[in-house]
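The values are calculated or read from the model by the stated rules, or taken from the named source; none is laboratory data. Since the structure is predicted, the reported quantities are computational estimates derived from the model, not experimental observations. FYI the Cβ positions are ideal-geometry reconstructions off the backbone, even for glycines, and counts take in every protein chain you see. Just so you know, the surface numbers come from the protein's heavy atoms only, side chains and all, with ligands and any DNA or RNA stripped out. Shrake-Rupley method; radii C 1.70, N 1.55, O 1.52, S 1.80 Å.
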Amino acid sequence: MAPDNNPQNGAGRPLPKKEADLFKNVVKHYETKQYKKAIKQADTILKKYPNHGETLAMKGLVLNNLEKREEAHALVKQGLMNDMRSHVCWHVYGLLHRSDRNYNEAIKAYKQALRIDTDNIQILRDLSMLQIQMRDLPGFAVTRHNILTLKSNGKINWLAFALAKHLIGDLRGAISVIDIYLGTLTEGAPELSRGFEAGELALYRNQILSEIPDNTREALDHLETCKPIVVDRSSWLTSKARYQLKLGQYAEAKKTADEMFERGMTENCRVHSLYICSILELDSQICDEAWKLPGTRTVASMIPLTAEQKQRALDGYEADLFPKYGKSAAVNRIPLNLVEGDKFRKAVDVFIRKGLVKGVPSLCRELSSFFLLEKDGRYELATDPVDVKEHEAFKVVVDLVDGYISCLKANSKLLVDDEVEEPPSTVLWVWYLRAGLHELAGEYDAGIELLDKCIEHTPTAVDVYELKGRLLRSAGDINAAVEVVDKGRDLDRQDRYINNQTTKYMLEAGMEAEALERISMFTKHEGNPEANLYDMQCSWYELGLASCYAKKELWGRALRKYGKFLQREGVVFVG
Amino acid sequence: MRRELEIEFGQITSDNVEQLRKVNLACFPVQYQETYYKGVVEGKNESLCKFAYFNGFVVGAACARLEGMKNSNKQRIYIMTLGVLAAYRGRGIGRQLIQSILDYYENNKDGALANVDEIALHVQISNEDAMKFYTTRFGFEKGEMVENYYKRIDPPHCYLLFKKLR
């Protein structure tokens with residue numbers, strides 16, 4: 001016989017009305033984060049019914065949010081022990097596990113709770129979130145199906161179920177879920193007319209269609225039918241062009257690419273890849289690969305093209321794109337990958353001088369994208385100084401830049417025939433570029449010498465200190481690098497980037513205390529800076545610090561830092 | 001004649017005052033004390049203390065302050081330093097810096113600067129270029145010589161250059 005002071009032992013005797021209302025309040029206060037009130041009300045119930053499982057469990061849950069972990073665990077366990085047939089207790093137990101990141105245990109607890117109260121939407125929702133967290137995709141699909149059956153008037157439940165089907169690979173199933181949902185809507189409903197949500201749903205359905213193997217034609221047709229409701233025209237055009245390329249409809253694909261340029265997508269280099277692929281009628285696998293290229297790389301810098309192919313693509317640029325989009329940075333940059341020999345030299349000369357006069361710090365990095373090596377039918381960036389120095393494009397660039405330097409010295413102009421003299425900043429940028437080229441060629445001393453000239457010329461240029469520091473570090477003198485980069489940082493204490501660089505170099509030099517001082521200049525003021533960095537997931541700092549300890553053979557500290565990092569990333573750290 | 005460079009002005013703050021040190025170090029034979037830098041930063045008056053920027057870099061700076069005058073209850077604008085990095089000289093930058101301070105006076109002579117009636121600075125007696133700059137460009141007058149004004153450079157004497165504004 002259950003003792004009198006333990007009502008609700010299993011399903012059956014609920015709390016008397018007064019205490020039942022108090023319990024409802026406890027839950028409400030918990031949900032609105034009014035923890036002190038929740039505890040007070042819970043204690044009132046417990047005074048009369050000290051063994052009431054659900055109240056004990058709720059109190060424990062609230063305490064957990066107040067950082068009283070041990071007491072919280074004890075109370076929740078006790079509550080569960082007292083009332084194993086309460087879905088509330090199991091639910092709370094699951095929530096506790098979730099806050100401890102024991103996701104598998106939490107899932108087990110939720111499932112127990114559902115065995116008692118099968119149609120509890122709240123628990124089902126919590127369960128589904130953990131299942132997707134743990135990538136239990138079949139489980140996730142089942143749970144979302146249950147939720148949809150219970151609450152089919154919520155749009156989110158339809159979409160979540162479609163997503164679940166998509167994730168487990170039942171693509172046709174996902175599409176039919178979306179279609180059934182759309183079927184539940186009445187004619188003229190806002191979700192069916194042109195709008196952002198409707199358009200995105202249509203594009204999503206289209207994406208699933210395209211993922212079905214060999215289904216490109218159906219995807220393309222669907223794209224046409226949903227055109228009126230899609231708001232994101234750029235994505236729509238992108239999908240269209242990619243489908244057309246896949247189906248070999250090259251002329252149409254080119255037209256679509258032209259439309260994309262007209263919409264203003266001229267600076268998107270992937271669109272340029274589409275354009276070139278359609279002119280050259282390239283295989284769809286190549287087109288897909290080109291789509292993944294970063295930065296200013298296009299299919300022209302990915303695979304070797306024949307001279308005839310390059311000319312055809314170049315004709316497109318010279319006849320169509322230059323006249324229409326002459327000021328576009330990408331339209332001027334990409335054809336440089338399509339020309340060689342003298343034509344390349346002339347074109348890159350114009351390109352470099354424009355960047356020097358404007359003062360583009362990343363000019364050297366941009367030029368390095370021309371130093372490509374062929375390997376197995378694909379181009380790779382040359383990184384080894386030996387490869388770089390031998391590269392034809394590198395030699396051309398260095399020759400041009402050396403020419404500018406001597407011309408500036410003699411005539412204060414970049415080219416002898418220039419009309420106007422250059423301002424003093426141009427020579428600074430030319431030296432800076434030349435030093436960057438020295439870096440690529442592994443000629444650190446020469447680079448450092450030039451940068452010292454830069455510092456004497458304009459001692460307030462922070463970029464110069466950064467590059468000099470980088471060269472010193474590459475040359476092997478990390479301590480000198482720290483000194484230089486720190487001086488640069490001191491010039492502009494609001495520049496977070498150079499502060500990060502200084503911190504990074506200090507960690508490499510084994511100066512972890514100074515490094516912390518530097519980076520603390522940018523962390524939030526409350527609490528200690530290391531905690532703030534942990535919360536902000538500043539991985540490069542944490543890993544740099546751990547590596548710094550390891551170098552000093554402070555194994556304990558290093559392991560602790562690495563361990564904490566892995567723990568936060570959710571990786572189970574086995575011994 | 002080399003082309004004039006158009007500059008932009010910028011405030012001197014505690015976060016970038018190191019750049020002022022660099023300019024001063026490159027331009028002057030004297031080292032300025034912490035009190036000078038503190039005064040510039042804490043004064044927070046970008047009309048009197050400012051950087052000159054070209055192409056994104058600090059290429060020069062002018063620092064002035066308001067001072068009371070002896071034997072009078074009037075004030076003067078006193079130019080403490082005017083410096084332009086060597087590579088950028090001869091381009092009108094110094095002139096633009098001083099002109100902007102004179103413009104500041106013109107725009108506020110009936111308001112915040114109602115009590116100011118003079119602008120002045122000290123120039124080492126051997127610095128002919130500086131004296132020509134202020135006298136011919138801006139109509140400054142050469143005043144008294146002050147002996148042993150500088151502690152560690154030779155010659156240690158200087159002239160007071162000044163211009164009556166009212």
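A few notes on this one:
- Looking only at the stretch A:73-115, and only at residues there that are open to solvent by less than 80 Å² (accessible area, probe 1.4 Å) and in contact (Cβ under 8 Å) with a residue 60 or more places away in the chain, the one that is nearest to A:I156 (Cα to Cα): A:S86
- Hey, A:V360 within 29 Å of A:G248 (Cβ to Cβ) and of a type in the set (V, I, T) or not: no
- Matching residues in the stretch A:18-61 - criterion: being within 16 Å of A:H87 (Cα to Cα) and either touching a residue at least 60 places away in the same chain (Cβ under 8 Å) or open to solvent by less than 20 Å² (accessible area, probe 1.4 Å) (or both): A:H52, A:G53, A:E54, A:T55, A:L56, A:A57, A:M58, A:G60, A:L61
- Qualifying residue in the stretch A:341-359 (condition: under 30 Å from A:E262 (Cα atoms), in a loop (DSSP other than H, G, I, E, B) and within 14 Å of chain B (Cβ to nearest Cβ)): yes
- Residue list for the stretch A:436-465, restricted to those being in contact with a Gly (Cβ under 7 Å, 6 or more places away or on another chain) and within 14 Å of another protein chain (Cβ to nearest Cβ): A:V462, A:Y465
- When residues in the stretch A:393-409 are screened for being without any contact (Cβ under 8 Å) to a residue 24 or more places away in the chain and surrounded by 13 or more Cβ atoms within 10 Å (Cβ to Cβ), 3 of them pass.
- Per-region count, the stretch B:53-69, residues within 21 Å of B:A120 (Cβ to Cβ) and either more than 10 Å from chain A (Cβ to nearest Cβ) or polar (S, T, N, Q) (or both): 8
- Among the residues of the stretch A:523-575, just one is open to solvent by 100 Å² or more (accessible area, probe 1.4 Å), modelled with pLDDT of 90 or more and of a type in the set (A, V, I, L, M), namely A:L559.
- Among the candidates A:R378, A:R345, residue that is closer than 24 Å to A:Y317 by Cα, open to solvent by 20 Å² or more (accessible area, probe 1.4 Å), basic (K, R) and modelled with pLDDT of 95 or more: A:R345
- Comparison of B:Q19, B:Q31, B:Q75 shows that the only residue that is more than 30 Å from B:A114 (Cα to Cα), touching a strand residue (DSSP E or B) at 6+ places or on another chain (Cβ under 6 Å) and of a type in the set (S, T, N, Q) is B:Q19.
- The stretch A:49-154 holds helices (runs of 4 or more DSSP H) entirely within its bounds, and those carrying 1 or more residues that are within 31 Å of the chain's Cα centre (by Cα) map to A:53-65, A:87-99, A:103-116, A:121-133, A:137-150.
- Within the stretch B:1-51, if we keep just the residues that are within 11 Å of another protein chain (Cβ to nearest Cβ) and charged (D, E, K, R), the residue that is farthest from A:S412 (Cα to Cα) turns out to be B:D15.
- Among the candidates B:K74, B:K50, the residue that is modelled with pLDDT under 95 and of a type outside the set (S, T, N, Q) is uniquely B:K74.
- Considering the conditions (1) touching a helix residue (DSSP H, G or I) at 6+ places or on another chain (Cβ under 7 Å); (2) within 14 Å of another protein chain (Cβ to nearest Cβ); (3) open to solvent by less than 40 Å² (accessible area, probe 1.4 Å), A:D418 is excluded by exactly one of them, (1).
- Restricting the search to helices (runs of 4 or more DSSP H) fully inside the stretch A:175-265 and requiring at least 3 residues that are open to solvent by less than 50 Å² (accessible area, probe 1.4 Å) and farther than 23 Å from A:L148 by Cα gives A:216-225, A:233-246, A:250-262.
- Test: residue in the stretch B:55-69 that is farther than 19 Å from B:F133 by Cβ and in contact with a helix residue (DSSP H, G or I) (Cβ under 6 Å, 6 or more places away or on another chain): yes
- Residue in the stretch A:268-281 that is open to solvent by 50 Å² or more (accessible area, probe 1.4 Å), in a helix (DSSP H, G or I) and over 20 Å from A:S210 (Cα atoms) present: no
- Only one of A:D283, A:D315 that is under 22 Å from A:D376 (Cα atoms) and acidic (D, E): A:D283
- Qualifying residue in the stretch A:192-205 (condition: of a type in the set (S, T, Y) and modelled with pLDDT of 95 or more): yes
- Boolean, A:L167 is surrounded by 15 or more Cβ atoms within 10 Å (Cβ to Cβ) and either in contact with a Ser or Thr (Cβ under 9 Å, 6 or more places away or on another chain) or closer than 24 Å to A:N153 by Cβ (or both): yes
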